[in-house]
Amino acid sequence: MIFGRGKFAKGKKNYSAFSNYLYVAPALLMVLAFLIAPIIFVLYVSFTDWDLLHPMNFIGIKNYIKIFSDPNLLISIKNTLIWVVFILAIPMVLGLILAVFIKNVWFSDQIKSIFYIPLAMSGAGIGIIWYWIFSRTGFLNSILMFFGAIAAPKSWLLIIPQNTFAMIAAVTWQTTGLNMILFLMGLQNIPIEVLEAAKIDGSNEWHTFTKIILPLLKPITTIVIILNIIGSFKIFDIIWVMTAGGPARSSETLAVSMYKESFSLHRMGYGSSIAVILSLIIFIAGIGYLKIAAREK
Amino acid sequence: MKDKIKININKSILFIIMLLLCLAWLVPVYFLILISFKSSKDYASSAFWAIPKSFQLFNNIKYVFIETKFIKPFLNSLFYAIFGSCISIFFSSLAGFGLTKLKLRGAFFIFIIIWSGMIFPIQIYLIPLYKAYLTLNLYNTKLGMLLIYIAITIPFCVFVFRNYFMSLPDDYIEAAKIDGCTNMQIYFRIILPNSFAPVAILVLFQGSYIWNDLILGMVLSGSNNVRPIMNALSLLNAVYTGKNVPVIMTGNLLSGLPIIIAYLMLQKYFIQGLKIQTAGE
Amino acid sequence: MKNFFTWLLICIFVLSFSFMLIGCKEEPAPETTTETTATEETAAETTAEETTTTEALTGPLKLFTDKPSWQTGWDAIFAGFKGKTGIDVEMTGYTEIDTYTAAVKTGIPTAEGPDVFTWWSNYKIADLAKEGLLEDLTSLYEPVKDKYNPGILDSFSYEGKVYGAPVLVASWLMFYNIPVFEKYGIKEPKTWDEFITICDTLKSKGVTPIGFTIGGGWTSFFWFQQIFASNYPDVYYAICRGEKSWNCDEVKKTFEIWKDMIEKGYFTDPGVDLGNDIPPMFAKGEVGMTYCGDWYTAFFDSVELKGGQDYSVFVMPSYLKDRPKTVIYEAGPMCISNNAKNKATAKAFIEYWLSDEGQTIWSESMNFVSANSSVPKDKLDSVKQKISADVFGDPNAELVVRFWEATLETITLPACASFDKFVLNPDSYEAVISELDQLSTKAWDEYKGK
């Protein structure tokens, strides 16, 4: 049902009156005008050598060929995949576990407010705080030295691949609460009777979780997974503040490379082509997941 | 007996895990608050976990207010966040209703177009939007800012509403139709009253998204009368100035307050599930 | 779910088709905009001609800057300008430099962009001047010409015309920790050997001699620039202009000196932060010196260290003994857009800016050494007075342009990534040099292709 076209559309060709399109029109027009139209411009730019100053020259698919021969971009693609895997693995699963615990086990659900605090801060603000935590004079080094785990402070953000994991920790801190709240909303719709029935049946907790809670969470899980897939490909603020893709462009993701090429180096054409490729990957991943979700249903 | 002990052990392990997680989430916040109590000299010359030598929070707040001309951008952002998220949610819930319940031809195609607004990295919009805004005279206007904030939050809202409305049973709508309700009446009487939870969550998510936006505000607006709050705060951490860490942290604290307040106000709606499901059946 | 694939195909087909259609439509759009700007331009020109005769200035003046945090200075100079002409200046600040350059480059071809904006010298100003986007300011310099250092004006010039007025003139010097130096009886060094002795002394006392970082992605060029440009300025310029290969003995020697310093442990760990870590380390006496542009005093101010009491500066001696005193400098200009709506006002503003009155206001409110030599220095703090006397007041001092502006912008940032690699692994310097060489060749080919 997530992916289908609705019950009615499949049966009789009983489509509704044209006036009903007015319900969809405001949202559709806003998106077309402000989000899709600029992308057409970007798509065009990606086939040119525009540098903001000189007139655009059409150079065909040269930019796209360059992407796959640029060693920096290959590192970016690798880092982007690391990000996607870990963002799907850590903050999302943690969010689900927290939601289930808070709903079923915990004595007070006010505890959830704690995990919501990071959502009150901007990406840049969180970047500043976590930059400071991992900095040489910062929190982590001081704690580790206090417990004697390390002899001298380390520069976590300069070590590859620790810097990427440090930033993943920051994003985990930022987004776990968001995932948790969405899962809590989903859990709210599971009737208590179902869970109690399962208890009477004598199924253990793990069984209840995998066989009853997870399937019933399906609609909200789709939202959360899509949100995390898209979000993890697009992550920018925190990387930009914490390492700016450094040292030596080793922690760049595609979104950061795109920004660097188009804005720092003023290769608008090349940057646009990275953006197009990135968007295409997200589109395929998103649609692909929606398809899987629909098939499982 | 054995079972009980096992459960207790399980529970205490869970308790410890939860405690550690809570700590991990609270520690950065604790230091954020602690540092914003310090003076810059105190911060520079002593260990960061040291208790502040003097209470400097109000001085830091004063500094933030003077340095960033805080009030106007603050009110602007409040305006964008409240109106932007509400209008966007209204449009989106209409669209979600239309896409799921009104048997539109090509509903899925329309949905994919709207949804694809979510996938593009935001930085790529800057140059085309800036160019377009300059030509359309939307640059540096409140209307222009509001429009882009509405547009950029629509795709996610539509996605959530479409998913949510699909799980609403059709029986009630059919029943209402037999009673002679128009689509508009169905939307206002059945759909909206059952959507408190997603509406509250989306107000919070999209409101805080708009509130925390820096880059769109920087590119599409110029004067202090239009610019959002994050632009003003970024002055504290700009490239050519010294980094007064306590003031930066105070700025972060201040900018987070409205969202915390919104959260406290809205959170009781999060747990309002489907009225139909709980009341009926 | 066969439907899915048909739908996806249809989507892709329709989308790409509409992209093409609208893309074709989109194309003429820039032409129409240039047409309108052309008409507006002529309109602006006619009004400009009128205003020169009637002296009527239009306002408010739109000023874009990437340095909005210099609020006190801007406020003072805007107030001064308003007092003179009655016209307001509207400042738009950007705190993200990359976004700023993109916004300016997109804005100035139209009349909707800024009238006046801050920019960078040498290649960066030449890029804009070459495209005819800047207003020639040579005539505005006429009344004050001999008060400005010709070297600085050179860095704002393209084909003999001056396009910028100085906002910032900063020299790159060594900041040192006065309490630490006094404690170990150290004096400012005059030669490279004395400098090395100081480093060894500090090291033996457990103080890290030099604060240095590669954090932030752009700071790793500092020491390359200092060692290279102060010893081989001619080679430095030749390489920056793309006339010479990086693969030469001078570059190799530079990296060897730098490598030696890294290996002896003179530098802090490169992971410290220029803004967040080094000033507090200074305050705690953990670091003896740090090398930066003289705007770094603001960073010390932010942790309440006092110039002349807690820290002071000296000019870094050159490694080669026969070199004269050499100081790296950066000069930040302010330019007028050729398509400015309020061009007459913009000119009046730059005229005011260059005058003794304007420069005095700016210099005093910002504690900056003015580029205008007749501006009094007595209101500056002691460190800035010292810089003013040691660098700009010394006729024998040779000024060399900072690396960031001295070469193409498509070289500077990637070069910093290469320097990062060197700092993390000093033995790799030969690989780094050949990487820099390739980078430079590619960037110059691209540049000449335009």
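Computed from the C-beta positions of A:Met145 and B:Arg105 and an R0 of 60 Å, the FRET efficiency is 0.35 to the nearest 0.05.
Excluding same-chain pairs closer than 8 in sequence, count the lysine pairs in the stretch A:29-160 whose Cα atoms lie under 26 Å apart. For the stretch A:29-160, the number of qualifying lysine pairs is 4. Angle of helix C:249-263 to the longest C-alpha principal axis of chain C, folded into 0 to 90 degrees and rounded to 10: 60°.
Karplus-derived 3J(HN,Hα) values for the stretch A:144-161, using 6.51 cos²θ - 1.76 cosθ + 1.60 with θ = phi - 60°, are 5, 6, 4, 8, x, 6, 10, 7, 10, x, 10, 9, 4, 7, 9, 8, 9, x Hz; glycine and proline are entered as x. Applying both filters, DSSP loop and at most 10 other Cβ atoms within 10 Å, to the trypsin sites (Lys or Arg not before Pro) of the stretch C:163-209 gives C:Lys187. For C:Lys386, the aspartates and glutamates whose Cα falls under 20 Å of its own Cα, not counting residues fewer than eight places away in the same chain, are C:Glu182, C:Glu188, C:Asp294, C:Asp301, C:Glu304, C:Asp310, C:Glu330, C:Glu364, C:Asp378, C:Asp394, C:Glu398. Across the stretch B:68-102, the residues whose backbone nitrogen lies under 20 Å from the label position 7 Å along the beta-carbon direction of B:Phe188 are B:86-99, B:101-102.
Dipole size of the stretch A:72-296 about its Cα centre, with +1 on Lys/Arg Cβ and -1 on Asp/Glu Cβ: approximately 520 debye, rounded to the nearest 20.
With a ≥ b ≥ c taken as the square roots of the eigenvalues of the C-alpha gyration tensor of chain C, please select rounded if a/c is under 1.5 and otherwise prolate if a/b is larger than b/c or oblate if it is not? Oblate shape, in that a/c is at least 1.5 and b/c is the bigger or equal ratio.
The tail of the calculated P(r) for the stretch A:67-136, taken as Cα-Cα distances beyond 18 Å, holds 64 percent of the pairs. Backbone geometry of the stretch A:41-53 corresponds, through the Karplus equation with coefficients 6.51, -1.76 and 1.60 at θ = phi - 60°, to 3J(HN,Hα) couplings of 4, 4, 4, 5, 4, 5, 9, 10, 10, 4, 10, 6, 9 Hz, x marking Gly and Pro. Mean separation of Cα pairs under 8 Å and 6 or more residues apart, divided by the residue count, gives chain B a relative contact order of 30 percent. What do you get for the angle between helix B:57-68 and the principal long axis of chain B? Use alpha-carbon atoms, 0 to 90 degrees, nearest ten. Taking Cα atoms only, the helix is inclined about 70 degrees. In terms of its alpha-carbon gyration tensor, the protein assembly as shown comes out prolate; a/c meets the 1.5 threshold, and the first ratio a/b outweighs b/c. Indicate the gyration tensor shape class of the stretch C:48-179 (rounded, prolate or oblate), computed on the Cα atoms with a ≥ b ≥ c the square roots of the eigenvalues: a/c under 1.5 is rounded; otherwise a/b larger than b/c is prolate and the rest oblate. Because its axes are fairly even, with a/c under 1.5, the stretch C:48-179 counts as rounded. Averaging 1/r over each pair of different alpha-carbon atoms in the stretch B:61-279 and inverting the result gives 19.3 Å, the Kirkwood hydrodynamic radius.
For chain A, the fraction of alpha-carbon pairs lying more than 37 Å apart is 31 percent, rounded to a whole number. Centroid-to-centroid, using Cα positions, the stretch B:141-213 and the stretch A:146-224 are 27 Å apart.
Here the stretch C:354-403 has an Rg and Dmax of 11.3, 32 Å, counting Cα atoms alone. Averaging the Cα positions of each part gives two centres, and for the stretch C:93-115 and the stretch B:84-133 these lie 29 Å apart.
On the beta carbon distance between A:Thr210 and B:Lys268, with R0 = 35 Å, the FRET formula returns roughly 0.70. Measuring between their Cα centroids, the stretch C:371-432 and the stretch B:10-47 lie 40 Å from each other.
With +1 assigned to the C-beta of every Lys and Arg and -1 to the C-beta of every Asp and Glu, and no other charges, what is the dipole magnitude of the stretch B:2-56 about the Cα centre in debye, to the nearest 20?
For the stretch B:2-56, the charge dipole is close to 220 debye.
Shielding of peptide A:284-291 by partners, expressed as the average count of other chain Cβ atoms within 10 Å per residue Cβ, is 3. Restricting to Cα pairs below 8 Å that are 6+ residues apart, what does the relative contact order work out to for chain A? Please round to a whole percent. Computed over chain A, the figure is 30 percent.
If you wrap the tightest convex hull around every Cα atom of the stretch B:2-56 and split its volume per residue, you get 80 Å³.
Read-outs: derived from the displayed coordinates by stated rules, not from any lab. Keep in mind it's a predicted model, so treat the numbers as computed, not measured. Quick reminder, even Gly has a Cβ in these numbers, built from the backbone with ideal geometry, and neighbours come from all protein chains shown.
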